[in-house]
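> My structure is below; once you've seen it, I'll send some questions.
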């Protein structure tokens, strides 16, 4: 099973190894980044296939023993092992199938995430910072790259808004259901009477769409430059390298300020704009197809509260699947695997 597909993948993997060994790719930063991602994907996939072949080999050997062996006790042990091996084979085939034939969301390798503080002022901004940390830690654990594109801090160290990119296979599939309004209930450090405050933060997840997939009329764009307010060296803060782009027909505004050059910030801002425009078009089509649809393409219906983080009770509840988890500290440190998998299973 999968022999034909994996033969091609192994050939591709070997070719990439040769290219990296030659050193020719280092002069083209963008191509190097793209091929590095592909190389990492193949490096992860191929051992899974080798594991499947090993399981199949062990199954064949056990079947052979069943045909030749007569001792009852040994036969029982072989049958038990065979049951376990068949279970492993089924899981392995399912895992490989998901990699080779992914769903639509898995075709996007990179995503743009936006976190915005809502009701709750400084407390909402601080929780926006908590969510950025949670997603960043989870991404690092998965081997994905994370880079902040634009941010608007508040004096207490929180974020009024922050935009960041996550690069890595499976990032859109995993993060897709994080879109929506996240509600936090906790006692702020500045609260002297011990009252619980409720704040909200909105999260948006956008697949990074290649420029070839969406056409934007240049005359519909207005560009503005400004000085970056974040870190990045002397040039970043003294020269107007940051770029803001406004899409006039829709009013969508996007900014990038982390790159050192105005040209690179312009390129990054346009990339995000393309993703936003594409998402709006897909949402519109989804609404027209069915108002009763359970999910909007590219969001989890941002107008609705999707999750509550209750600190006094150490409980996180996702309202879409009516399920709760405990150990808040660990989850906010990036241990969200159980939540991600449960949402993918229930809402897919």
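> Can you name the number of the only condition in (1) outside the structural domain of residue 167 (by TED's automatic domain parsing); (2) modelled with pLDDT of 85 or more; (3) touching a strand residue (DSSP E or B) at 6+ places or on another chain (Cβ under 9 Å) that residue 37 fails?
Failing condition for residue 37: (2).
Okay, residues lined up against (1) part of a strand (DSSP E or B); (2) modelled with pLDDT of 70 or more; (3) under 13 Å from residue 150 (Cα atoms):
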| residue | (1), (2), (3) |
| --- | --- |
| 215 | no, no, no |
| 219 | no, yes, no |
| 222 | yes, yes, no |
| 230 | no, no, yes |
| 235 | no, no, no |
| 245 | yes, yes, yes |
| 249 | no, yes, no |
| 255 | yes, yes, yes |
| 265 | no, yes, yes |
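> Need the failing condition index for residue 97 against (1) part of a helix (DSSP H, G or I); (2) at pLDDT 90 or above, just the number.
Residue 97 satisfies all of (1) part of a helix (DSSP H, G or I); (2) at pLDDT 90 or above except (2).
> So, one more: Assuming residue 125 fulfils every condition listed in (1) more than 24 Å from residue 307 (Cα to Cα); (2) surrounded by 16 or more Cβ atoms within 10 Å (Cβ to Cβ) apart from one, which condition is it?
Unmet for residue 125, out of (1) more than 24 Å from residue 307 (Cα to Cα); (2) surrounded by 16 or more Cβ atoms within 10 Å (Cβ to Cβ): (1).
> Taking the stretch 118-151 only, how many residues are in a strand (DSSP E or B) and without any contact (Cβ under 8 Å) to a residue 60 or more places away in the chain?
Initial filter on the stretch 118-151 (in a strand (DSSP E or B)): 145-151.
Adding the requirement that they be without any contact (Cβ under 8 Å) to a residue 60 or more places away in the chain leaves 145-146.
Matching residues across the stretch 118-151 total 2.
The values are calculated or read from the model by the stated rules, or taken from the named source; none is laboratory data. Fair warning: this is a prediction, and the values are worked out from it, not measured in the lab. Here Cβ is always computed from backbone atoms with ideal geometry, including for glycine, and neighbour counts include all displayed protein chains.
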